[in-house]
């Protein structure tokens, strides 16, 4: 993690910025020695400047002069991206306690930032927090962000929330990553209402980002607010943002959960026709389930026929046969069931029972009786078979009287 930019890290040149005040506290020799190095820094000759500052540090005697040297050595180290060295020099400058209060405050601020740059999270939190407590400190949004990030690295999720809230509050629209940090803390704490509230704010500010909509739906589901999740998913779909296969499936599932199977079927059917959803077993099975629940029997039959042709299964054959029987398509049911029985399933009793029902309605009484006898070999269907056998005998008796 390197959160500190060059502009934030740039240390004030105490000596150059207030040369008159500095001169008053330095001997004439110290003043000349320090002043001689600044042209090298202005020209960006950082390696040579470092060499000269180290030489000057051995020559000056006052704590103030040494503090200025260490302070500027820290700046040179920053420009050379030698952050551990910069930390060491700043600590030496602070240890002398010779700089003006304002500069000591700035030094502490920079030191805290450097600790974060070097992933020394506890030190970063300590320095930044102490700096913020000073009346003269003027904390910016980036400072609060740094404190929140450091606590997040230590998984101190409760301590993340106050500073990240403060950071966001200072911006009309904060960067998305700031909101995500707060949302992540709420999630870690299982504070679903807070997470949803912040995710809604993120969606409001970055409404063209589909992934933020998906995250909001996920959080609403996790919160147990499925109606709100459906509303969000539906709005994102209508705006053309949630238009991938996973979005169609989730929208359909949420609609089914809210007892809206017809709308779910329309969504899935549209997805398949547009080619967004593959016409595979998973998607067709969900579509068939939607049509069945919506009592759109023929549409369900059409989908199940397609599905059964792709991947024959006994359970699917049973569902399809039941729909054929429900809609009075006796011959279609018989054809389907005979084909399924040709596959020699391990437990054919349910198929035989449905075949017997189809044949009863086709008035094929002997063939129906044979199917019922086969079905009765499995105890779980014995009661159903007995009822249909009595009905079959009644039909046969009535047929004889009429004959």
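At a glance:
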item: Lone qualifier among 288, 321 - being within 40 Å of the chain's Cα centre (by Cα) and either more than 30 Å from residue 388 (Cα to Cα) or touching a residue at least 12 places away in the same chain (Cβ under 8 Å) (or both); result: 288
item: Close pairs from the stretch 78-95: first at pLDDT 90 or above, partner surrounded by 14 or more Cβ atoms within 10 Å (Cβ to Cβ) and not in a helix (DSSP H, G or I), Cβ under 8 Å, at least 6 apart; result: 78/11; 83/118; 84/118; 87/118; 93/99
item: Looking only at the stretch 364-392, and only at residues there that are touching a residue at least 24 places away in the same chain (Cβ under 8 Å) and farther than 18 Å from residue 348 by Cβ, the one that is surrounded by the fewest Cβ atoms within 10 Å (Cβ to Cβ); result: 391
item: Conditions (1) assigned to a helix (DSSP H, G or I); (2) over 30 Å from residue 269 (Cα atoms); (3) without any contact (Cβ under 8 Å) to a residue 12 or more places away in the chain; number of the one not met by residue 344; result: (1)
item: Residue selected from the stretch 247-264 under the condition assigned to a helix (DSSP H, G or I) and without any contact (Cβ under 8 Å) to a residue 24 or more places away in the chain, by the criterion nearest to the chain's Cα centre (by Cα); result: 251
item: Hey, residue 142 modelled with pLDDT of 95 or more, within 30 Å of residue 182 (Cα to Cα) and either assigned to a helix (DSSP H, G or I) or touching a helix residue (DSSP H, G or I) at 6+ places or on another chain (Cβ under 9 Å) (or both) or not; result: yes
item: Filter result for residue 99 (more than 30 Å from residue 168 (Cβ to Cβ) and either in a helix (DSSP H, G or I) or touching a helix residue (DSSP H, G or I) at 6+ places or on another chain (Cβ under 9 Å) (or both)); result: yes
item: Meets criteria (within 32 Å of the chain's Cα centre (by Cα) and either buried (at least 19 other Cβ atoms within 10 Å of the Cβ) or assigned to a helix (DSSP H, G or I) (or both)) for residue 283; result: yes
item: Residue 230 being in contact with a helix residue (DSSP H, G or I) (Cβ under 7 Å, 6 or more places away or on another chain), modelled with pLDDT of 95 or more and either in a loop (DSSP other than H, G, I, E, B) or on the phi > 0 side of the Ramachandran plot (or both); result: no
item: Count - residues of the stretch 393-403 that are exposed (fewer than 12 other Cβ atoms within 10 Å of the Cβ), in a helix (DSSP H, G or I) and modelled with pLDDT under 90; result: 6
item: Residues of the stretch 53-63 satisfying the condition of being surrounded by fewer than 18 Cβ atoms within 10 Å (Cβ to Cβ) and assigned to a helix (DSSP H, G or I); result: 54, 55, 58, 59, 63
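The values are calculated or read from the model by the stated rules, or taken from the named source; none is laboratory data. Predicted, not measured: the structure shown is a model, and the values here were computed from it. Reconstructed Cβ throughout: ideal geometry from the backbone, glycine too, with neighbour counts over all protein chains shown.
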